[in-house]
Amino acid sequence: MIKLTGLIKRYPGRTVTANAVDGLDLEIPEGKLVSLLGPSGCGKTTTLRMIAGLERNDGGTIEIDGTVVSDPARRIFQGADRRPIGIVFQSYAIWPHMTVEQNVMFPLRVGKGKVAREVARQRARTALDMVGLADFATRPAPDLSGGQQQRVALARALVRQPKVLLLDEPLSNLDKGLRDRMRDEIRAVQQRLGITTVFVTHDQDEALAVSDDVIVMNHGRIVERGMPQEIYTFPREEFTARFLGVSNSVDGVVASVEEGGSVTVTTGSGPLTCVNAPQLREGEAVSVFMRPESLRLSRKDGPWKGTVEFSIYHGDCWDYHVRVGDDLLRVRVYREKVGIAHGQSVFLSPDPESAIVVPKSGADAGATGDAAGVDDAAAAPTAAKSATVSGSR
Ligand SMILES: Nc1ncnc2c1ncn2[C@@H]1O[C@H](COP(=O)(O)OP(=O)(O)OP(=O)(O)O)[C@@H](O)[C@H]1O
Ligand SMILES: [Mg+2]
């Protein structure tokens, strides 16, 4: 179990209002894998390094497996070598002058928990077996592929049988196919060992695929926490919706509230019924988010009429950018051989089941954008908003 309470990190030269980590409260249950997901600079690595003891927190406490390992107010600080953790970095940090086995043995041959060479060798073999590298023990480490080197790093992190595994973007140096395979292997090893794990990533697909819970972060704070399917299907915060690629948003006003939690919203594109939207009031200003694949496109009919401005072919699907009134909406269409010409009129039907309605925060909720542009557009999720929408599950 990991428990972070009011965790704060200030770097010299930065103002108090821009703490790198700004009052983080987080509890990770025994045996669970939780990912920290957020844009560059949001404080993921800093949080991980504080849990590891590689960085000192300026405020708050860190508890690992029932022991407070850091609490500056009480002058408690255990360094990394005294914490029951294993860590894997983005750069594998494999020692090139050693064999695979020597790399994995290393943590057992130094410092306080030092064990005899033969014992260390046995444990290294067990760890290498765990990551599928038993046959590579005597190879010089540099003679391995990137994926294999990352597995060595994982074996080395696991060899001391830590209570907690910390992974900082462990897959980002691997190519796509290998990344998916390693991701699944990490999850399999983590579940087999039942080891409490923090997985840092800025890749939403990766976070959704491996996690028990996803923690969405921005500006050193937690924006939202939830199971992957909750976070993906019904994000409660505009920031989360945008960061998870819900690139379409239209502004509107609640025209009527029906029984059972659905609402009809008047938008510039036309009326829209949304099923999962309780606790909204008539007349309330809202933003409605829609995934590109939840808008149905037809050449013949549908409630919203628009014009194709441009299209992008992805192999398995087309993305059409359709102008509907003031809004430019991205629509994803699968199983279509012939694309639709630019300038052609089309009709869109939004899916009432998958539209995400959030009260308008006063920030610029009307701008379309993807993860790259998310930082400024959704910087101010308000407490009121989260309170209102949290009932929508
Ligand atoms: N040693 C340092 N000195 C000063 N500022 C730092 C230091 N390390 C990080 N920061 C700042 O703290 C903030 C959080 O950085 P951090 O590395 O934790 O972000 P991150 O979420 O891991 O980003 P990325 O996805 O790019 O790795 C950033 O604004 C960064 O510039
Ligand atoms: Mg980082």
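Please treat every number below as a calculation from the coordinates, not as lab data. All values reported here derive from a predicted model rather than from experimental measurement. Note: ideal-geometry Cβ built from the backbone for every residue, glycine included; neighbour counts use all protein chains shown.
One quarter of the convex hull surface, Cα atoms only: what value does that give for the stretch 246-361 in nm²?
7.1 nm²
Give, to the nearest whole percent, the P(r) tail of the chain beyond 39 angstrom, counting all Cα pairs.
For the chain, the share of Cα pairs beyond 39 Å comes to 29 percent.
Against the longest alpha carbon principal axis of the chain, how many degrees, from 0 to 90 and to the nearest 10, is the axis of helix 176-193 turned?
60 degrees
Quick check: the angle from helix 146-158's long axis to the longest principal axis of the chain, C-alpha only, nearest 10 degrees?
Helix 146-158 sits at roughly 60 degrees to that axis.
Output wanted: per-residue J couplings in Hz (rounded whole) for the stretch 235-248, from phi through Karplus 6.51 cos²θ - 1.76 cosθ + 1.60, θ = phi - 60°, x for Gly and Pro.
Along the stretch 235-248, the couplings run x, 8, 10, 4, 4, 5, 4, 5, 5, 8, x, 7, 7, 8 Hz.
For residue 245, enumerate residues with amide H under 5 Å from its amide H, sequence gap 5+ or separate chain, H modeled in the peptide plane.
Long-range HN contacts for residue 245: 371.
In percent, how large is the relative contact order of the stretch 2-233, given Cα pairs closer than 8 Å and 6 or more residues apart?
Averaging sequence separation for qualifying contacts and normalising by length gives 28 percent for the stretch 2-233.
May I ask you to derive the relative contact order of the chain, considering only C-alpha pairs under 8 Å and at least 6 residues apart, and to give it as an integer percent?
Value for the chain: 15 percent.
Go ahead and set up a Gaussian network model of the chain, Cα springs under 10 Å, then flag whichever of 156, 123, 335 fluctuates most.
335
Could you work out how much longer the chain between residue 299 and residue 345 gets when fully extended? Use 0.36 nm per residue separation minus the Cα distance between them, nm to one decimal.
Difference between extended and current length: 15.8 nm.
Can you tell me how the stretch 306-363 classifies by the Cα gyration tensor, rounded, prolate or oblate, using a/c under 1.5 as the rounded cut?
Values: a/c = 2.26, a/b = 1.64, b/c = 1.38.
The shape class here is prolate.
Need one number: % antiparallel among DSSP beta bridges in the stretch 2-233, to the nearest 5. Provide the component values of the computation, followed by the final result.
Numbers: 22 of 40 bridges.
The answer is about 55 percent antiparallel.
So, R0 is 35 Å and r is the distance between the beta-carbons of residue 58 and residue 106; what FRET efficiency does that work out to, to 0.05? Please report the intermediate quantities before stating the final value.
Numbers: r = 31 Å, r/R0 = 0.90.
E between residue 58 and residue 106, to the nearest 0.05, is 0.65.
Return one number: the angle in degrees, 0 to 90 and rounded to the nearest 10, between the long axis of the Cα atoms of helix 100-109 and the longest principal axis of the Cα atoms of the chain.
Taking the Cα atoms of the chain, the angle to 100-109 is about 70 degrees.
Just need the relative contact order of the stretch 170-274 here, percent rounded to a whole number, with Cα pairs under 8 Å and 6+ apart. Provide the component values of the computation, followed by the final result.
On the way: 96 pairs, mean separation 12.5, N = 105.
Rounded, it is 12 percent for the stretch 170-274.
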